[in-house]
Amino acid sequence: MEFGQDFVMGAAARVLEVIAFLVLAAFSRKICSRRFSWASDPPTDAPVGYCLSWRLAVEANNVRSWRTVPSWCLRHVEDYMTGGQYERDIELIVDQAAGYVKDIDVSEDGMDAWILDIDDTCISNLVYYRGRRYGVDPFDGPGFVAWAVRGECPAIPLVLRLFQRLIEAGFKVILVTGRDKASLGEATIANLQCEGFDGYERLIMRTVDWRGKGAVAFKSGVRKQLVEEGYRIWGNVGDQWSDLQGEFVGNRTFKIPNPMYFVP
Ligand SMILES: [Mg+2]
């Protein structure tokens with residue numbers, strides 16, 4: 001009788017093991033197939049974490065030369081940019097920069113410099129990009145110029161605070177932007193002034209000599225010139241990797257988040 005009971009229980013346990021194995025195998029196949037089809041999934045099939053992974057990959061420069069935000073990440077990017085996390089991320093970056101600044105002995109010779117980018121570093125184009133569905137719509141050059149020439153980009157307050165702290169500490173702050181000097185020079189100067197960016201050493205914009213050249217080449221060329229003039233570049237802050245790559249990038253670089261567009 002006891003032997004019979006043991007036999008039945010053992011068989012039942014084996015049946016349960018087989019069922020558990022089959023369920024696990026089916027579940028694993030489902031997970032694997034989802035993982036490998038991420039890149040081309042239609043919006044309705046995108047896993048919840050996909051857009052978070054995409055944004056992290058963009059910030060880490062693992063995804064490059066992307067033209068638009070994936071349409072199914074519109075809500076994610078909108079929430080990130082407007083829901084508080086974007087500011088929290090900048091706050092941490094600015095805190096790191098401020099800690100680094102405190103440890104630098106600024107020289108009396110006036111050649112200790114920081115480089116700051118302008119668009120979506122010092123001042124924000126979020127209002128404009130809201131109308132471009134936070135980067136889901138492709139870049140529209142004339143539309144952007146029409147926006148920028150109005151000179152209404154608000155300051156990014158935490159970066160303004162860093163800018164002011166740098167000047168108080170005795171650094172020369174040099175603003176370097178890919179904006180075209182001929183068409184946007186006046187508007188940019190006025191915009192910066194209105195938003196409290198007073199006391200910078202120099203504003204360097206793209207001139208005809210640099211038209212058609214990539215941002216890395218342009219910004220490297222500018223930094224090379226500054227270093228040849230004798231400036232020591234202690235820090236370099238930008239929202240694009242092309243602000244922070246190339247030659248003479250500076251002793252430390254600080255990447256401001258931007259999941260809305262990519263500048264090569
Ligand atoms: Mg920028």
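Points to keep in mind about this one:
- All helices (runs of 4 or more DSSP H) inside the stretch 113-213 with 3 or more residues being among the charged types (D, E, K, R): 157-168
- Which listed residue, of N251, N236, is closer than 26 Å to E108 by Cα, polar (S, T, N, Q) and more than 16 Å from the ligand (Cβ to nearest atom): N251
- Picking from residues in the stretch 214-233 that are closer than 22 Å to V101 by Cβ and in contact with a Phe, Trp or Tyr (Cβ under 6 Å, 6 or more places away or on another chain), the one that is farthest from the ligand (Cβ to nearest atom) is V227.
- Residues (touching a helix residue (DSSP H, G or I) at 6+ places or on another chain (Cβ under 8 Å) and surrounded by 14 or more Cβ atoms within 10 Å (Cβ to Cβ)) located in the stretch 192-212: E195, G196, F197, Y200, L203, I204, M205, R206, W210
- Test for Q240: is it among the polar types (S, T, N, Q) and surrounded by fewer than 17 Cβ atoms within 10 Å (Cβ to Cβ): no
- Checked against the criterion of being within 16 Å of the ligand (Cβ to nearest atom) and of a type in the set (A, V, I, L, M), the candidates I115, I104 yield just one match: I115.
- Exactly one residue out of Y129, Y100, Y134 is under 27 Å from F248 (Cβ atoms) and touching a residue at least 60 places away in the same chain (Cβ under 8 Å), and it is Y100.
- When each of I123, I118 is tested for being in contact with a Leu (Cβ under 6 Å, 6 or more places away or on another chain) and buried (at least 18 other Cβ atoms within 10 Å of the Cβ), the lone residue that passes is I118.
- Restricting the stretch 72-108 to residues that are farther than 26 Å from Q164 by Cα and in contact with a Pro (Cβ under 6 Å, 6 or more places away or on another chain), the residue that is modelled with the lowest pLDDT is W72.
- Qualifying positions in the stretch 50-90 - of a type outside the set (S, T, N, Q) and outside any helix (DSSP H, G or I): A60, V63, R64, W66, R67, V69, P70, G83, G84
- Search result, residues across the stretch 118-163 that are among the charged types (D, E, K, R) and within 12 Å of the ligand (Cβ to nearest atom): D119, D120
The values are calculated or read from the model by the stated rules, or taken from the named source; none is laboratory data. Bear in mind that the values here come from a model prediction, so they are computed numbers and not experimental data. We place every Cβ from the backbone using ideal geometry, glycine too, and count neighbours over all the protein chains shown.
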